[in-house]
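I have placed the structure first, in the form of structure tokens, so that the comments after it can refer back to it.
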Amino acid sequence: MTEQQTDSGNLLANARELRALLLDFIAGGPTLAARYKALRDSLLASEAIRAALPPLLVEHENLDALWQAMKYQLPSKVERQELIRRQFEPLMDALSGETRKAEGHFEAVTIEQLLKGWTRLNQQPLEPRRRLHNGVSVLVQVCSSIIDAHYNSAEIRGGNTDLVEVFEMAKDVLFASSAGTDRQIMVADAMAGAAALLKSVEEIREQFTRTGLPETRQTILARSASDLSLSCAMSMLSCWHMLKELHSQVA
């Protein structure tokens, strides 16, 4: 391996680490100020890649300055993460020596797939806690698929499976997709309803953390949470597919 190849490999590793650091930081992760400075300095020191450096990296010497700029520029965490990912693409291309290959094609769950899966779930004789877990997992999957399909990448979500967090990210996606369309109010109303359903699911999950909950009560609550999760998922998917159809007609 030549010295030039070694240098490019080191810079690529640093760029990947810095991108991951920023995506995590913007999502509420740790403030690794010293590591940010070290990685940033290593990239700025290379004249060969100067033209491909992300503008946000060149403009902001520290994480505090970057955050102050981004929080006013973009309203949601998802949009901030997408900006970071998009700005790093030319740098990754330059360091890898080839045009970035598509990571794959992501599609949101269809309503038909959701209903088919839900029918199978309801036919299974599950104990209450398992039924509750499966119902919540389906809602997480639906929200995750909307996020991944919107950005055609799983990187923005980053493997996050926390129900409340992925719901908020998917909601941001739907709001962003409806902006400037005649469906904005409709989506806002649907998301308000979905948020109320999610709150009820979370309240039931909280009840399951208490000791001494009678089994008959557990069974009733688990089925209620499953039904609420389905309704919430249906609302999210209906908005997504409506907006997808709307944008395809405009295109």
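Bear in mind that the values in this text are calculations on the coordinates, not laboratory data. Given the structure is predicted, the values throughout are model-derived calculations rather than measurements. Note: ideal-geometry Cβ built from the backbone for every residue, glycine included; neighbour counts use all protein chains shown.
At a glance:
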| read-out | value |
| --- | --- |
| Contact order normalised by residue count of the chain, Cα under 8 Å, 6+ apart, percent | 20 percent |
| Nearest-0.05 FRET efficiency for GLU245 and ASN152, computed from C-beta distance (R0 25 Å) | 0.90 |
| Exposed-loop-free span, longest in the chain, where trypsin sites (Lys or Arg not before Pro) count as exposed if DSSP calls them loop and at most 14 other C-beta atoms lie within 10 Å | 102-209 |
| Cβ-placed point charges (K, R +1; D, E -1), dipole of the chain about Cα centre in debye, nearest 20 | 720 debye |
| FRET efficiency for PHE106 and ALA33, using Cβ-Cβ distance with R0 set to 25 Å, rounded to 0.05 | 0.15 |
| Inter-part distance where region 43-69 and region 219-239 are each reduced to a Cα centre, Å | 44 Å |
| Within straight-line cross-link reach of LYS244, lysines at Cα separation under 20 Å, skipping those fewer than 8 residues along the same chain | LYS171 |
| Partners for LYS37 among lysines (Cα-Cα distance below 30 Å; same-chain residues under 8 apart left out) | LYS71, LYS77, LYS101 |
| Dimensions in Å of the chain - Rg and Dmax from alpha carbons | 21.7, 69 |
| In sequence order, calculated HN-Hα J values of region 136-151 (Karplus, 6.51, -1.76, 1.60; Hz; x Gly/Pro) | 5, 4, 5, 5, 4, 5, 5, 4, 4, 5, 5, 4, 5, 5, 4, 9 |
| Cα-centred dipole magnitude for region 166-219, charges only on beta-carbon of K, R (+1) and D, E (-1), debye, nearest 20 | 120 debye |
| Approximate spin-label separation GLN68-ALA51, in nm, with each point projected 7 Å along Cα-to-Cβ | 3.3 nm |
| Computed lengthening from ILE220 to GLU59, 0.36 nm per intervening residue step minus Cα-Cα distance | 52.4 nm |
| Per-residue [θ]222 nm for the chain (sum of -39500 (n - 2.57) over DSSP H runs n ≥ 4, rounded to 500) | -25000 deg cm²/dmol |
| Karplus-derived HN-Hα couplings along region 231-236 (A = 6.51, B = -1.76, C = 1.60, θ = phi - 60°), whole Hz, x at Gly and Pro | 4, 5, 4, 4, 5, 5 |
| Net charge dipole size for region 130-174 [Lys, Arg +1 and Asp, Glu -1 on Cβ; Debye, nearest 20] | 300 debye |
| Selection from GLN68, GLY135, THR161, by position along the positive dipole direction of region 63-184 (Cβ) | GLY135 |
| Residue among VAL58, GLY180, PRO214 farthest towards the positive dipole end of the chain, charges placed on Cβ | PRO214 |
| Rounded, prolate or oblate (a/c below 1.5 giving rounded, otherwise prolate when a/b exceeds b/c) for region 138-210 by Cα gyration tensor | oblate |
| Straight-distance crosslink candidates among aspartates and glutamates, where the alpha carbon sits under 15 Å from LYS116 and sequence neighbours closer than 8 are dropped | ASP227 |
| In nm, spacing of pseudo-spin labels at LEU115 and ARG130 (7 Å Cα→C-beta vector) | 2.7 nm |
| ³J(HN,Hα), Karplus 6.51/-1.76/1.60, whole Hz, each residue of region 114-119, x for Gly, Pro | 4, 5, 5, x, 5, 4 |
| Three semi-axes of the equivalent ellipsoid, region 101-239, Cα gyration tensor, whole Å, largest first | 28, 17, 14 |
| Region 111-179, relative contact order in percent, only Cα pairs under 8 angstrom and at least six apart counted | 27 percent |
